[in-house]
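Worksheet: the structure to be examined is printed underneath.
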Amino acid sequence: MKRKESESRLATPYVIWSVLFIVVPLILIVFFSFTQQVDGRYVFTTANFEKFFNPMYFKVIRRSLVLALISTVLCLIVGYPTAYIISKAKPSKRGILLLLCILPMWMNFLLRTYAWSAILGRNGFINTLLKLVGLSPVNILYTDTAVLLGMVYNFLPFMILPIHTVLSKMDHDLINAARDLGANSFQVFTKVIFPLSLPGVVSGVTMVFMPAVSTFVISKLLGGGQFYLIGNLIEQEFMSVGDWHFGSAISIFMMIIILISMAIMNKYSNGNDKEGGGLLL
């Protein structure tokens, strides 16, 4: 009994923190999204959500989802082989390789993004190299390509780490058994390694897609304000326009998108866990 009381006391600061900085802000967002201020009074209305169904905002949603999906796929294409190579490295080198992947995250997010402006700019590093070899400069900055590069660079570690964790804990007896049964390297990867690593893939996809679909700093700095995403729209409504009601409605819509995608990912992950259990049996 005393142990439970002591544990509850230890959890009190976390409960207070969660209530103040998670529960209360969520309640405020829901309140503002369903109200409008008329003559100093808050009136219940659904006009904020009706306004969001303007075709102009659908373009922003489509662009946000497309860029987030593309960046997630690119992170998976680059991150899975990287995580696989790290998991196969010697234990003495594995820590160094992981450190190299995590090291950029020690730098401030804004500084990392600003660095790409210097690299992709008209007189940046890439165009300087192109001029040295006699090629004409390319215009990458303030395009979708620049935004995608920024997303992949910033969110790639979130794809590598969960996949590496699953791969490093994989039972190698299953791989050896598959080889003993006559499977070649491609069959071992497609029938054993990749199916067993799917929980890490699902976690990585979730951890990349969520911040990618809601980011506003990367699109603002590397897109030059020309490419509006949902995150930029929310920031504009809160910080520039001052329409907290419409901004809250957009935030609610964003939360719904994220919750639906998380539910799909969790369902897919649970299905793969059952299949993995059947494989192990």
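The values are calculated or read from the model by the stated rules, or taken from the named source; none is laboratory data. Computed from a predicted structure; not experimentally measured. Cβ coordinates were reconstructed from backbone atoms using ideal geometry, including for glycine residues, and neighbour counts include every protein chain displayed. The accessibility values were calculated without ligands, DNA or RNA, using every heavy atom of the protein model including side chains. Shrake-Rupley method; radii C 1.70, N 1.55, O 1.52, S 1.80 Å.
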Identify the residue in the range 90-145 that is of a type in the set (Val, Ile, Thr) and in a loop (DSSP other than H, G, I, E, B) and, among all such residues, is nearest to residue 62 (Cα to Cα).
-> 143
Can you name the number of the only condition in (1) touching a residue at least 60 places away in the same chain (Cβ under 8 Å); (2) of a type in the set (A, V, I, L, M); (3) in contact with a Leu (Cβ under 9 Å, 6 or more places away or on another chain) that residue 89 fails?
-> (1)
Out of curiosity, is residue 69 in contact (Cβ under 8 Å) with a residue 40 or more places away in the chain, closer than 30 Å to residue 225 by Cβ and open to solvent by 80 Å² or more (accessible area, probe 1.4 Å)?
-> yes
The range 103-127 residues that are in contact (Cβ under 8 Å) with a residue 60 or more places away in the chain, paired with ones that are open to solvent by 40 Å² or more (accessible area, probe 1.4 Å) (beta carbon under 8 Å, 6 or more apart) = 116/149; 116/153; 120/126; 120/149
Pair list, Cβ < 8 Å and 6+ apart or interchain, from the range 181-210 residues that are open to solvent by 20 Å² or more (accessible area, probe 1.4 Å) to residues that are assigned to a helix (DSSP H, G or I) and of a type in the set (Phe, Trp, Tyr) = 207/155; 207/158
Looking only at the range 55-95, and only at residues there that are of a type in the set (S, T, N, Q) and farther than 21 Å from residue 200 by Cβ, the one that is modelled with the highest pLDDT = 64
The residue that is least open to solvent (accessible area, probe 1.4 Å), considering only those in the range 157-170 that are free of Cβ contacts under 8 Å to residues at least 60 places away in the same chain and β-branched (Val, Ile, Thr), is 166
Filter result for the condition that a residue is under 20 Å from the mean Cα position of the chain (by Cα), surrounded by fewer than 20 Cβ atoms within 10 Å (Cβ to Cβ) and under 23 Å from residue 218 (Cβ atoms), over 139, 123, 154, 108 | 108
Given the structure, is residue 173 open to solvent by 20 Å² or more (accessible area, probe 1.4 Å), acidic (Asp, Glu) and over 26 Å from residue 76 (Cβ atoms)?
-> yes
Restricting the search to the range 7-32, which residues are small (Gly, Ala, Ser) and more than 25 Å from the chain's Cα centre (by Cα)?
-> 8, 11
For residue 254: the one exception among (1) modelled with pLDDT under 90; (2) open to solvent by 50 Å² or more (accessible area, probe 1.4 Å); (3) out of contact with any Phe, Trp or Tyr (no Cβ under 8 Å at 6 or more places or on another chain) = (2)
Lone qualifier among 259, 229, 221 - being under 16 Å from the mean Cα position of the chain (by Cα), surrounded by fewer than 20 Cβ atoms within 10 Å (Cβ to Cβ) and farther than 18 Å from residue 75 by Cα | 259
Going by the structure shown, is residue 95 of a type in the set (Gly, Ala, Ser) and either touching a Phe, Trp or Tyr at 6+ places or on another chain (Cβ under 7 Å) or within 15 Å of residue 150 (Cβ to Cβ) (or both)?
-> no
Which of the residues belonging to the range 4-54 are of a type outside the set (Phe, Trp, Tyr), open to solvent by 90 Å² or more (accessible area, probe 1.4 Å) and assigned to a strand (DSSP E or B)?
-> 37, 41
